[in-house]
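So the structure is just underneath, and the comments pick up after that.
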Amino acid sequence: MEIKNNLKTLYLSIIIFSLPFIQFILNNIQEIDVVIGKSFYYLIFFLAIFVIFFSVILNRFNLKKNLLDKILVSTLIFWLLFNHNFLKLYINNLFNNDDFVVKISSELSLAILILFIIFFSIYILKKNIFLLRFFFLFFSLSFLFTIFQIINYEKIVKEKDIYTPEIIFEDNLKLKKNNIYYLILDGMQPIEDFEKFYKKNLQDYLQNVKKKGFLYIEGTESLHSNTTYSLSSMFYLNNVSEKSSKIPFPVVMRSKFKPDLIYNLDNLGYDFKWIGNFFAYCPKYNLKYCLDKKKNPIIDTYLYINFFRQTPLIQTIINFGHIFNFDYNKNFFFKLNNGIGRLINHLEKSDNFNDKATFYFIHHMSPHWPYVTNKDCSYKFYEGEKNLKGYESSYLCVLKRVENLINYLAKFDPNAIVIFQSDHNWKLSKNHEQDKKKIFNLIKINDCKLTNDVNFHNVNTLRLILSCITGNEPRYLIN
């Protein structure tokens, strides 16, 4: 009888421990070739060792109990922690996303989980028959249901395919495609407005980039005054507003969605690679798109961040960093938000310029707040979102980094199409709603013909590019 009970406890422990892993596979089912690799197996191995080690420590406090009971408690704690984010979202929705509740929802969720852990641990160690039978049934069914979904994922994906692309560019040219570098410079106001406000003269800069084939377009206005809907419109190649039923950016980047831009790039044989930032961090949405992700590494930071994002672990690490005065601005935002620098670093290590054409989407989170660069691009933190000196320094740094990338691509990828645009104006442009839409627009589109009466915002620029490389007449939005 004792052996039978031990086997049941061991079985239940294995089932509970495996659930976060198979649920992670299910959530990333369309990227299974990216998820399943050495780093994933190492993750399973080391977490299993950690759970066993934790169980041994628990057992030292009560030697009369079976070690397998402690393993069951440990695996249950492990599984409960992966419900932290779900519980946090539930609490927020329950209180209609009240500002105060949102601020404390993470801590409140953790406190509730701790109560669950204490309650379940006591009853497991007391060998409560009802609870153990409930766990046996609940986790067995959860395991089987998740496995069934994974096995039948093609059907599941079709059920989730809620959007059919509306804007399609047929390839009439069938020519070899060049790389496309599309860089969003978040919150970058037009040069002419920057010159006027800060009393600077940047005409020499514009003349210099013009000699390298770039055209700066004055008077460009974005479709929206915020990042979410400007970039949503970009990926749908159409005007997407708050009233639209379309999935907004960055959620639309998940593998189960394929908006118009990515659909067309796939059809044209392009790879799509993305460098994000703290606003939309690539590993949280689609591992397959992440540019600076190594192929099948032993330790995959992106994979681990994506795996643990449902737990309180990442937030706990951040809180400990604050306690020990860890400079997140220098060691996190300064590096993470430098999309241009990360792109150049990747290209310097890559030999794929002549391989499959790639669309590089770089969301460079500057000169947007937080301001963490001096004008020479060295680290310097400026306090506050409305810091005029901080914005000025960040803006001048962005211009420097833009020029660095232009020089690099002129040497190593001269035939590439390169776009530098902002998604909206800077935060201090609050005089009029239209002012918030004025954007920076610097482009090199080779043989594509520009029309003077067209507003080349994010969507129209992409429509022009796709028209050029496929031999179609541009279909511009009129606004």
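All of the numbers you see were taken from the coordinates with simple rules; none came from a lab. Fair warning: this is a prediction, and the values are worked out from it, not measured in the lab. Using ideal geometry, Cβ is built from the backbone for each residue, glycine included, and neighbour counts are taken over all protein chains shown.
Measuring nothing but alpha carbons in the chain and taking Rh as the Kirkwood radius, the Rg to Rh ratio lands at 1.03.
With n ≥ 4 as the cut-off for DSSP H runs, can you work out [θ] at 222 nm for the chain, using -39500 (n - 2.57) per run divided by the number of residues, rounded to the nearest 500? List each step's numbers first, then the result.
Values: 18 runs with 243 residues, N = 479.
Computed mean residue ellipticity for the chain: -16000 deg cm²/dmol.
Subtracting the Cα-Cα distance of I49 and L141 from 0.36 nm times their residue separation leaves 30.6 nm of extension gain.
Give me the dipole magnitude in Debye, nearest 20, for the chain about the Cα centre, with unit charges on the beta carbon: positive for Lys and Arg, negative for Asp and Glu.
Working: 57 positive and 42 negative charges, 275 e Å.
About 1320 debye.
The alpha carbon convex hull volume per residue for the range 408-479 rounds to 101 Å³. Measuring how big the range 357-479 is from its alpha-carbon positions, Rg and Dmax come out at 16.6, 49 Å. Under the simplified labelling scheme, the Y153-R60 pair shows an inter-label distance of 4.1 nm, with each label point 7 Å from Cα along Cα→Cβ.
Extension gain L115-I32, at 0.36 nm per residue separation less the Cα-Cα distance, in nm?
On the way: separation 83, 0.36 × 83 = 29.88 nm, distance 3.49 nm.
Contour length minus the Cα-Cα distance gives 26.4 nm.
Put a dot 7 Å past the Cα of E473, heading toward its Cβ, do the same for K211, and the two dots end up 4.0 nm apart.
Residue separation of F412 and I323 scaled by 0.36 nm, minus their Cα-Cα distance, works out to 27.5 nm of gained length.
Straight Cα distances below 20 angstrom link K436 to the aspartates and glutamates D186, E192, D193, E195, E218, E221, E242, E385, E392, D423, with same-chain residues fewer than 8 positions distant left out. For K4, the lysines whose Cα comes closer than 18 Å to its Cα, not counting residues fewer than 8 places off in the same chain, are K65, K70, K126, K127.
Going down the table (K243/K335; K246/K438; K103/K427; K330/K438), which pairs top 27 Å between alpha carbons? In this structure, K243/K335; K330/K438 lie more than 27 Å apart at Cα.
Can you compute the FRET efficiency between N5 and V102 using 1/(1 + (r/R0)^6), with r the Cβ-Cβ distance and R0 = 41 Å? Round to the nearest 0.05. Present the calculation step by step, with values, prior to reporting the outcome.
Details: r = 45 Å, r/R0 = 1.09.
E(calc), rounded to 0.05, equals 0.40.
Does anything in the range 122-137 have its amide N under 15 Å from the 7 Å Cα→Cβ label point of I14, and if so which residues? Zone members listed by number: none at all.
Quote the FRET efficiency, to the nearest 0.05, computed for L428 versus K243 with a Förster distance R0 of 25 Å and r equal to the Cβ-Cβ distance. Kindly include the intermediate steps, with their values, before the conclusion.
Working: r = 27 Å, r/R0 = 1.09.
Plugging the Cβ-Cβ distance into 1/(1 + (r/R0)^6) gives 0.35.
Pairs from the list K177/K199; K356/K444; K176/K375 with a Cα-Cα gap above 32 Å: K177/K199; K176/K375.
Average projection, convex hull of the Cα set of the range 2-160: 11.7 square nanometres.
Annotation: peptides 164-172, 75-83, 35-43, 447-455, ranked by per-residue average of other Cβ atoms within 10 Å with the highest first, follow the order 75-83, 35-43, 164-172, 447-455.
Starting from the Cα coordinates of the range 35-112, work out the convex hull volume and express it per residue in Å³.
121 Å³
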